[in-house]
1. I need two numbers for the range 1-72: Rg to one decimal and Dmax as a whole number, Cα atoms only, in Å.
2. May I ask you to give the percent of accessible area on the chain that is carbon plus sulfur, with a probe radius of 1.4 Å?
3. Determine, from the Cβ-Cβ distance of residue 73 and residue 19 and an R0 of 25 Å, the FRET efficiency 1/(1 + (r/R0)^6), rounded to the nearest 0.05.
4. Over the range 38-91, what per residue volume does the convex hull of the Cα atoms give, in whole Å³?
5. For the range 100-115, just list the computed ³J(HN,Hα) in residue order, Karplus coefficients 6.51, -1.76 and 1.60, θ = phi - 60°, integers in Hz, with x standing in for Gly and Pro.
6. Please work out how much length the chain gains when fully extended from residue 52 to residue 94, using 0.36 nm per residue of separation minus the C-alpha to C-alpha distance, in nm with one decimal.
7. Under 8 Å for C-alpha pairs, at least 6 residues apart: give me the relative contact order for the chain, rounded to a whole percent.
8. Send over a whole-number figure in Å² for the accessible area per residue of the range 1-96, probe 1.4 Å.
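The values are calculated or read from the model by the stated rules, or taken from the named source; none is laboratory data. From a predicted model like this one, the values you see are computed outputs, not experimental measurements. So basically every Cβ, Gly included, is an ideal-geometry build from the backbone, and we count neighbours across all protein chains shown. What goes into the accessible areas is simple: the full protein's heavy atoms, side chains included, and nothing from ligands, DNA or RNA. Shrake-Rupley method; radii C 1.70, N 1.55, O 1.52, S 1.80 Å.
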Amino acid sequence: MKQVINPKTLENFGPCSPAKDEFEKKFPKGFDIGPLWGTEEEANGKWHELLADPLLKKYVGWAIANGVLPARIRANLSGANLSGANLRWANLSQADLSEADLSEARHNKYTTWPEGYKPPQEGK
């Protein structure tokens, strides 16, 4: 699946001007993040590529927090309070969400849930 982040796409997330300008200069045709939703090997390879690039690494926290990049969570979150969490684009396929509070959590069609898990209604 091809999922290209380009300067126009970034505008939807409100980046600061210097960061957007740096990104546009370095990646004028955009940067494909589609492999982040691929196999574990593809996703790992793309994360390594992201974190090896000084510009992308500098803003990766911002990109995850604002939903530009998916969070990849492989953790025991059973019983965790995730109410109101931004889970848009998060890959939770390896997470244990049993008894987790996901009330008002925000997610989208790109959020990947554990097999058989029924996601909560979208938070406001």
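1. Computed over the Cα atoms of the range 1-72, radius of gyration and Dmax are 11.5, 34 Å.
2. Numbers: 3790 of 7520 Å².
Carbon and sulfur atoms account for 50 percent of the accessible area of the chain.
3. 0.50
4. Output value, Cα hull per residue: 88 Å³.
5. So the Karplus estimates, Gly and Pro as x, are 6, 8, 10, 4, 6, 5, 9, 8, 9, 5, 8, 5, 9, 9, x, 3 Hz.
6. Roughly 12.7 nm would be gained on extension.
7. After rounding, I find 17 percent.
8. That works out to 57 Å² for each residue.
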